[in-house]
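**Student:** Before we start, here is the structure in question, set down as structure tokens.
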């Protein structure tokens, strides 16, 4: 299965062939739908074919490597072999891309390991293992917006699992380790700012994020601090 979302995150639609349909969902030979994972929600959208269409309310990972299950809103009349147009809800995806890239900037601004996180279309959050008195809300917001305004390039590249093992500092998350079963790991790099493994979708330049606000900082444990960031424009 060709995962177009991985290297072509700005592609909102594609033609595809249905390969399987069952109670779990619809599978295609190629897709623009990002499946739930890494804190990023699955894409929503529609599948259209000659004579019909159906809403897709979520996308999840299938059992086979790189397979994606497209979850329909109701009973699905599609059969294997049918040619469809797969189209994501682009405005929602783009907001998720902006927020996901913003969280990578947050990792660069806040020292400490990430203990959890969740990406939303309007608000997102990361939990950090840091002392309670070390975070300044205004300073974090100022630093984030400075990096955004500087328009830093966001690119991806691949390294081997062995290379990642030799550079453990690249992994910022304490609870979730990047998958290495395929022997390679995808890195997302924000020019001069951040480099870490990530399979999600991102904008091509930090300026595309737009201004953000640090909505709140919460105490979630002795050294666990939750920072919630919202799109301000």
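Rundown of residues vs (1) loosely packed, with under 14 Cβ neighbours inside 10 Å; (2) in a loop (DSSP other than H, G, I, E, B), yes/no style:
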site: 6; (1), (2): no, no
site: 17; (1), (2): yes, no
site: 20; (1), (2): no, no
site: 34; (1), (2): no, yes
site: 47; (1), (2): no, no
site: 60; (1), (2): no, no
site: 64; (1), (2): yes, yes
site: 70; (1), (2): no, no
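**Student:** Could you please let me know if residue 112 is in the same structural domain as residue 222 (by TED's automatic domain parsing) and either in a loop (DSSP other than H, G, I, E, B) or surrounded by fewer than 17 Cβ atoms within 10 Å (Cβ to Cβ) (or both)?
**Tutor:** Details: in the same structural domain as residue 222 (by TED's automatic domain parsing): yes; either in a loop (DSSP other than H, G, I, E, B) or surrounded by fewer than 17 Cβ atoms within 10 Å (Cβ to Cβ) (or both): yes.
Considered against the rule, which asks whether it is in the same structural domain as residue 222 (by TED's automatic domain parsing) and either in a loop (DSSP other than H, G, I, E, B) or surrounded by fewer than 17 Cβ atoms within 10 Å (Cβ to Cβ) (or both), residue 112 comes out as yes.
**Student:** From (1) over 17 Å from residue 33 (Cα atoms); (2) modelled with pLDDT of 95 or more; (3) surrounded by fewer than 17 Cβ atoms within 10 Å (Cβ to Cβ), pick out the condition that doesn't hold for residue 85.
**Tutor:** Unmet condition: (1).
Every residue, every condition in (1) in contact with a strand residue (DSSP E or B) (Cβ under 9 Å, 6 or more places away or on another chain); (2) within 25 Å of residue 59 (Cα to Cα); (3) surrounded by fewer than 17 Cβ atoms within 10 Å (Cβ to Cβ), yes or no:
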| site | (1), (2), (3) |
| --- | --- |
| 169 | no, no, yes |
| 173 | yes, yes, no |
| 183 | yes, yes, yes |
| 204 | yes, yes, yes |
| 210 | yes, no, yes |
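The values are calculated or read from the model by the stated rules, or taken from the named source; none is laboratory data. Treat the numbers as computed from the prediction; the structure is a model and nothing was measured. Note that we place each Cβ from the backbone using ideal geometry, even for glycine, and neighbour counts take in every protein chain shown.
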